[in-house]
Amino acid sequence: MTEKGAAEPLIRVSALSEGTVIDHLVAGTALKVLDILGIEFEGAVTIGMNLESRKMGQKDIIKIEHREVSPNEVAKIAVVSPRASFSIIRDFKVVEKFSPTPPKLIEGLIWCKNPSCISREDRVKSKFVVVRMDPLQIRCHYCERSQRKEEIELL
Ligand SMILES: [Zn+2]
């Protein structure tokens, strides 16, 4: 799933001195991804939405200065964009490039649609088993209700 940056002339990763580029996000998910990362950024954040992509038709991309992503954040982003690619930039160079490993279990990120599910109570963290990653299908650990990608609502 890695890709050569040279094939994508729209992306100027070299403009970033250090930080993270998250590319190949499903079009329309960039704001959700920022939500996952939290809004406390020190550096500049660049968001491109509905950009043309040969591979995906349309895609979103996010560039975040002075910020790297944790494995936990990567797993969460994989939920909204399973084919996202991450480039870690240090000193104007891509030092690491990877795609997320799809999580087997998603905790505390998605809202269970079943109104009588125990996970809707305040002190219970929602927990979903990933049945299939792409397109995403998950099943609630508590009430076993399944949800497909279109139904999923992030907490
Ligand atoms: Zn449930």
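No lab work stands behind these numbers, since they all come straight from the coordinates. Not measured: the values here are computed from a predicted model. Quick reminder, even Gly has a Cβ in these numbers, built from the backbone with ideal geometry, and neighbours come from all protein chains shown.
Taking a label point 7 Å from the Cα of Asp134 along the Cα→Cβ vector, which residues of region 69-100 have an amide N closer than 17 Å to it? Once the point is set 7 Å along Cα→Cβ of Asp134, 74-87, 97-100 turn out to lie under 17 Å by backbone N, inside region 69-100. Residues in region 102-119 carry Karplus couplings, in order, of x, x, 8, 9, 10, 10, x, 10, 10, 8, 6, 7, 7, x, 9, 5, 4, 5 Hz; the curve used is 6.51 cos²θ - 1.76 cosθ + 1.60 with θ = phi - 60°, and Gly or Pro positions show x.
Given Lys63/Lys104; Lys55/Lys127; Lys32/Lys63; Lys97/Lys125, which pairs have Cα atoms separated by over 25 Å? Where the Cα-Cα span goes over 25 Å, the pairs concerned are Lys63/Lys104; Lys55/Lys127; Lys97/Lys125. The local environment of Pro135, defined by Cβ-Cβ distances under 14 Å, has a net charge of +1 under the rule Lys, Arg +1 and Asp, Glu -1. A quarter of the convex hull surface defined by the alpha-carbon atoms of region 99-155 gives 3.8 nm² as the mean projection. With distances taken between every two different alpha-carbon atoms, the chain has a Kirkwood hydrodynamic radius of 16.3 Å. Taking the longest Cα principal axis of the chain as reference, the axis of helix 71-80 is set at about 80 degrees.
Report, in debye and to the nearest 20, how large the dipole of region 4-155 comes out about its Cα centre when Lys and Arg carry +1 and Asp and Glu carry -1 on their Cβ.
Working: 24 positive and 21 negative charges, 123 e Å.
Result for region 4-155 is approximately 580 debye, rounded to the nearest 20.
Once you reduce region 27-48 and region 53-107 to the center of their Cα atoms, the two points are 11 Å from each other.
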